[in-house]
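Only one structure is covered here, and it is reproduced in the block below.
We did not get these values from a lab; they are worked out from the coordinates using the rules stated. Predicted, not measured: the structure shown is a model, and the values here were computed from it. A quick note on method: Cβ atoms are made from the backbone with ideal geometry, for glycine too, and the neighbour counts reach across all protein chains shown.
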Amino acid sequence: MASTQQPGRRESHARTLDRREVGELGEEEAARYLQLQGLTVIERNWRCREGEIDIVALDDVGDCLVVVEVKTRSSEYFGRAVQAVTPVKARRLRVLAARWLADHPIATTRVRIDVIGVLAPPGRPLTIEHLQDVG
């Protein structure tokens, strides 16, 4: 499991955002970050009866499908964003990855579950924390 913290390239929002807006901002920044890391984002916010996958990406270097859970916070008052993904949630993401693959036949040798935490404090730079292969 790797952890990468990258300073945000952009300032966060100037005003207080509601919860939905914070989540959307985080997912947008996470997708941008993954693309900068060389991954190809192939789907966002995929839903089925069992739940939702925030981002599905391909890591061509590792011939790997990457299922990404994005957690965004405007502060670390209640802890780091990545801490919100428990082992139970990671197992659920594995089930969702299998379901996604059943609906989208794709040639890949492995599946990886990643978590991206985005810290987006109002008026301050964004920070991204990326945990790879969490489950």
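Values for this structure:
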quantity	calculated
Chain lengthening between Arg49 and Arg94 when straightened (0.36 nm per residue, less Cα-Cα)	14.8 nm
Long-range amide H partners of Glu43 with built H, under 5 Å	Val56
Label-point separation, Glu28 to Ile42 (7 Å along Cα→Cβ), nm	2.6 nm
Mean Cβ count within 10 Å, highest first, over the residues of peptides 42-48, 22-28, 95-101	22-28, 95-101, 42-48
